[in-house]
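**Student:** To start, I am sharing the structure in question, which I have written as structure tokens.
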Amino acid sequence: MAGKTIFKRIIDREIPANIVYEDELCLAFRDLHPQAPVHVLIIPKTEIPSVAQVEPEHEATLGRLFTVARKLGEEFGLSDGYRLVVNCGKDGGQTVDHLHVHLLGQRALAWPPG
Ligand code: AMP
């Protein structure tokens, strides 16, 4: 594999991040350029580049991303709701090739997205 992604370097503690949750399968940290008052990225520790590379063996890990999203939504007090976003590939706006779920909340979010 080519060089490590920025998210793999965060997992490996080679660069700092504002980590808000960690378990054996995933890590969650504040987005460097928040698009909402709460903007957290939830990532698997397994290196899956994007949804386009997801396999059945990843199902338990990917399910964990959602239970962590629910837990963080509660912890951050997002009782009015929040949005989960997974960008995939160039047209999806993905810029980091390590699958991640954006958790956005604490403001009303428009739809449709740009
Ligand atoms: P995406 O465009 O879906 O690939 O999202 C990548 C996200 O990673 C963007 O929202 C960036 O602001 C965020 N990001 C990039 N580098 C870092 C970093 N070192 N720490 C935290 N978030 C980052």
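**Student:** When segment 1-22 is examined, which residues are found to be within 24 Å of A60 (Cα to Cα) and either near the ligand (Cβ under 9 Å from one of its atoms) or in contact (Cβ under 8 Å) with a residue 12 or more places away in the chain (or both)?
**Tutor:** M1, T5, I6, F7, K8, R9, I10, I11, V20, Y21
**Student:** How about segment 75-108: which of its residues are away from the ligand (no atom under 12 Å from the Cβ) and outside any helix (DSSP H, G or I)?
**Tutor:** F76, G77, L78, S79, D80, G81, Y82, R83, G105, Q106, R107, A108
**Student:** A further question follows. Hey, can you tell me all the residues within segment 1-22 that are surrounded by fewer than 18 Cβ atoms within 10 Å (Cβ to Cβ), part of a strand (DSSP E or B) and hydrophobic (A, V, I, L, M, F, W, C)?
**Tutor:** I19 - this is the single residue of segment 1-22 that is surrounded by fewer than 18 Cβ atoms within 10 Å (Cβ to Cβ), part of a strand (DSSP E or B) and hydrophobic (A, V, I, L, M, F, W, C).
**Student:** Since A36 meets every condition but one in (1) outside any loop (DSSP other than H, G, I, E, B); (2) in contact with a Leu (Cβ under 6 Å, 6 or more places away or on another chain); (3) under 25 Å from P112 (Cβ atoms), which condition does it not meet?
**Tutor:** (1)
**Student:** Could I ask something else about it? Just a yes or no: is a residue in segment 89-97 closer than 22 Å to I10 by Cβ, in contact with a strand residue (DSSP E or B) (Cβ under 7 Å, 6 or more places away or on another chain) and surrounded by 15 or more Cβ atoms within 10 Å (Cβ to Cβ)?
**Tutor:** Within segment 89-97, none of the residues are closer than 22 Å to I10 by Cβ, in contact with a strand residue (DSSP E or B) (Cβ under 7 Å, 6 or more places away or on another chain) and surrounded by 15 or more Cβ atoms within 10 Å (Cβ to Cβ).
**Student:** Suppose we filter segment 85-103 for residues that are within 17 Å of R30 (Cβ to Cβ) and under 10 Å from the mean Cα position of the chain (by Cα); how many remain?
**Tutor:** The total comes to 6.
**Student:** Quick check: is even one residue across segment 55-74 among the hydrophobic types (A, V, I, L, M, F, W, C), within 22 Å of I6 (Cα to Cα) and assigned to a loop (DSSP other than H, G, I, E, B)?
**Tutor:** Taking every residue of segment 55-74 in turn, none turns out to be among the hydrophobic types (A, V, I, L, M, F, W, C), within 22 Å of I6 (Cα to Cα) and assigned to a loop (DSSP other than H, G, I, E, B).
**Student:** Please list, ordered by first then second residue, the pairs with beta carbon atoms under 7 Å, 6 or more apart or interchain, first in segment 44-69 and more than 18 Å from R83 (Cα to Cα), second open to solvent by 70 Å² or more (accessible area, probe 1.4 Å).
**Tutor:** Matching pairs, first to second residue: P49/D97; S50/D97.
**Student:** Continuing with this model, one more query. Looking at this structure, is P44 more than 9 Å from the ligand (Cβ to nearest atom) and either among the aromatic types (F, W, Y) or touching a Ser or Thr at 6+ places or on another chain (Cβ under 6 Å) (or both)?
**Tutor:** On the way: more than 9 Å from the ligand (Cβ to nearest atom): yes; either among the aromatic types (F, W, Y) or touching a Ser or Thr at 6+ places or on another chain (Cβ under 6 Å) (or both): yes.
Yes, satisfied.
**Student:** Considering only residues of segment 23-35 that are away from the ligand (no atom under 11 Å from the Cβ) and over 12 Å from the mean Cα position of the chain (by Cα), which is most open to solvent (accessible area, probe 1.4 Å)?
**Tutor:** My answer is E24.
The values are calculated or read from the model by the stated rules, or taken from the named source; none is laboratory data. None of the values given here were measured: they were computed from a predicted structure. When we count neighbours, we look across all protein chains shown, and the Cβ atoms used for this are built from the backbone with ideal geometry, even at glycine. What goes into the accessible areas is simple: the full protein's heavy atoms, side chains included, and nothing from ligands, DNA or RNA. Shrake-Rupley method; radii C 1.70, N 1.55, O 1.52, S 1.80 Å.
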